[in-house]
1. Restricting the search to the stretch 15-56, which residues are at negative phi, of a type in the set (G, A, S) and without any contact (Cβ under 8 Å) to a residue 40 or more places away in the chain?
2. Working only within the stretch 1-37, note down all residues that are among the charged types (D, E, K, R) and touching a Gly at 6+ places or on another chain (Cβ under 6 Å).
Amino acid sequence: MENLYIVALFPVQKEKTAEAVELFKRVVTETRKEKGCLLYGLIEDNGDEGVFFLSELWESVEDHQLHDKSTHLEIFRKAIAPFLAGEIKVFKGAKIF
């Protein structure tokens with residue numbers, strides 16, 4: 001079974017970054033408890049305040065599919081929406097080397 005790598009880009013309104021970070025803390029804490037979650041971390045861009053990346057590594061696509069339907073992720077998606085400064089971009093892939 002092949003691992004799934006994901007990077008999700010969240011552009012957050014600069015004046016809302018503190019509130020957004022609190023929401024990220026909750027979703028990261030809960031997600032790290034999930035089956036198949038090997039890595040789930042939040043990164044802020046060094047050169048662009050308010051641009052956040054969720055870096056994810058899942059044991060399998062199936063594990064990520066379960067995560068994608070989780071209650072805490074659904075709550076997070078609704079809560080983060082008013083703080084966004086643009087569209088969320090998600091990149092999924094497999095490690096080449």
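1. A18, G41, G47
2. If the condition is that a residue be among the charged types (D, E, K, R) and touching a Gly at 6+ places or on another chain (Cβ under 6 Å), then K14 is the only one that fits.
The numbers here are math on the coordinates, done by the rules we state, and not lab data. Just so we're clear, the structure is a prediction, and the values are computed from it rather than from any experiment. Glycine also receives a Cβ, built like all others from the backbone with ideal geometry; neighbour counts cover every protein chain displayed.
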